[in-house]
Amino acid sequence: MSTHQLDKKSQAWSALFSEPMSELVKRYTSSVFFDQRMWAADIEGSLAHADMLAAQGIIGAQDLADIQRGMAQIRSEIEAGTFEWKLELEDVHLNIEARLTTLVGDAGKRLHTGRSRNDQVATDVRLWLRGEIDATAVLLEDMQRALVSVAEKNVEVILPGFTHLQVAQPVSFAHHLLAYVEMFARDAERLADLRRRVNRLPLGAAALAGTSYPLDRERVARTLGFDGVCQNSLDAVSDRDFAIEFTSFATLVMIHVSRLAEEIVVWMSQNFGFINLSDRYCTGSSIMPQKRNPDVAELARGKSGRVVGHLMGLITLMKGQPLAYNKDNQEDKEPLFDTVDTVKDTLRIMAEMIGGEVAADGSRSGGLTVKADAMERAALRGYATATDLADYLVKKGLPFRDAHEVVAHAVKDAIALGRDLSELPLETLQGYDARITADVHEALTLSGSLNARNVLGGTAPVQVRAQIARHHQRLQA
Ligand code: ARG
């Protein structure tokens, strides 16, 4: 038996080595217990490579058939959970290749012709990530649909809009939710854009310099559904921008989720009482019997931290690596995998908690409960319509800065009286400016304030409904 056989790896890499690898080093360098999740991409990439090798006459038709048969067998073993992953075979690539050789002999040993694990692993990660990108895109759409579904039921529900978390101006609750839809829509754009750069083929770069075999890289790219091939072999094996770009995208998603989660936590607090969450998304306390805690939102907010950390980790991983491949790159996987898991799980659970569970016919059940009365009561505290009074005076001819000052006096007096501006008698208001007439009270209502903001992108219900229609159009399945 040849000493070059892969399953002899537990002893030494090749005839060059005079002793086996230390046990510590084996464990330290092995990645198979985390990179095995890329097994399907590894097999798919190998089959495309083998198909091209045969088409180019580099391996025989029988070799290709053997490789295909062996890979089918390996696929079913992995799916059945009977495949034996071996730490000493280091990674997913060597584990699958060794098993292939055991199953089909020499054809298995020919598979690696014109290829290196360096271009193989880069191909696998890209293929795997592409699948996850497509799954994430669906979840991002679901999240937007969940928000739009709650928004369309709450266009006329008014809550205080805040700046500095101080009551600022009344806004439609739908308008507030649609702000998050904008964020997730931008995330979706970023995802579609970065997908184009993920979806390029490194195979053919071999270890770093290309290969002396007459490979047809375009054919492999077509087989695997890549948009193109990496144009520089050194870059092809060493580039991990795609992992950083995805993690950067995921960081923004998680930051958006985290802001929304923070609002949900605040809204759910007794001191706001703006919303309620179904019991199934809340947890209790082991000591305080009255508690219902919004743990899901808190965890989503908390999990943004680990994704931010992964972004920092990946960026730092690449800093200072000379061309081309370095083993450092093996460290791209755990952060990337965890980022994918975290962003997908978080989007899924948050969308469901907010918009409810979606049945097969598209109907929704559950989701967050809006307490419109509490929102409205809060909007009536804090002089949210003060700007409306100023705007009213401006329309009557007062310069805005003067109107601002007049209203400041009115608010000061109203605070002393413990009343809202709308509760001040007309004569009192006329005391601040004689131009004030009976129509002022309409301007000082919450709905009057909302309706007045009838500018593109504003909170007037007519504008909000137009936005909802646009989102429906955009998110059509
Ligand atoms: N497990 C390795 C990784 O994840 C595969 C590439 C190893 N290449 C090498 N020349 N050691 O990056």
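Which value, to two decimals, describes the C-alpha radius of gyration of the stretch 263-355 once divided by 2.2 N^0.38 Å? Kindly include the intermediate steps, with their values, before the conclusion.
Values: Rg = 18.7 Å, N = 93, 2.2 N^0.38 = 12.3 Å.
After normalising by residue count via 2.2 N^0.38 Å, the value is 1.52.
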Report, by chain and number, residues whose modeled amide H sits under 5 Å from the one on GLY228, excluding near sequence neighbours (fewer than 5 apart, same chain). LEU201
Just to check I understand the Karplus step: with θ = phi - 60° and J = 6.51 cos²θ - 1.76 cosθ + 1.60, what whole-Hz values come out for the stretch 250-264, glycine and proline as x? 5, 4, 5, 4, 5, 5, 5, 4, 5, 5, 5, 4, 4, 5, 4
Using alpha-carbon coordinates, inclination of helix 400-417 to the longest axis of the chain, degrees: 80
Project the alpha carbons of the chain onto their principal axes and report the range along each, largest first, in whole Å. 105, 52, 48
Sorted by chain and number, the residues with a modelled amide H under 5 Å from that of MET21, at a separation of 5 or more or across chains, are none
Lysines near LYS333 by alpha-carbon distance under 25 Å, same-chain residues fewer than 8 away left out - which ones? LYS9, LYS26, LYS86, LYS303, LYS319, LYS344
³J(HN,Hα) across the stretch 135-142 via Karplus (A = 6.51, B = -1.76, C = 1.60, θ = phi - 60°), whole Hz, x for Gly/Pro? 5, 5, 4, 5, 5, 5, 5, 4
Report, in deg cm²/dmol and to the nearest 500, the calculated mean residue ellipticity at 222 nm for the chain, where each DSSP H run with n ≥ 4 adds -39500 (n - 2.57) and the sum is divided by the residue count. -19500 deg cm²/dmol
Residue by residue through the stretch 450-464, what is 3J(HN,Hα) from phi via Karplus (6.51 cos²θ - 1.76 cosθ + 1.60, θ = phi - 60°)? Round to whole Hz and write x for glycine and proline. 5, 4, 5, 8, 8, 10, 3, x, x, 8, 4, x, 5, 6, 5
For the stretch 1-158, what is the Kirkwood estimate of the hydrodynamic radius, computed as the reciprocal of the mean inverse distance between distinct Cα atoms, to one decimal in Å? 18.0
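Run through the stretch 22-108 and list the GluC sites (Glu not before Pro) located in a DSSP loop whose Cβ has at most 13 other Cβ atoms within 10 Å.
GLU84
Using alpha-carbon pairs under 8 Å, 6+ residues apart, how would you state the relative contact order of the chain in percent?
Details: 675 pairs, mean separation 72.5, N = 477.
Contact order relative to length: 15 percent.
Bear in mind these aren't lab numbers, they're just calculated from the coordinates by the rules spelled out. Since the model is a prediction, treat every value here as computed from it, not as a measurement. Heads up, the Cβs are rebuilt from the backbone with ideal geometry, glycines too, and the neighbour counts pull from every protein chain shown.
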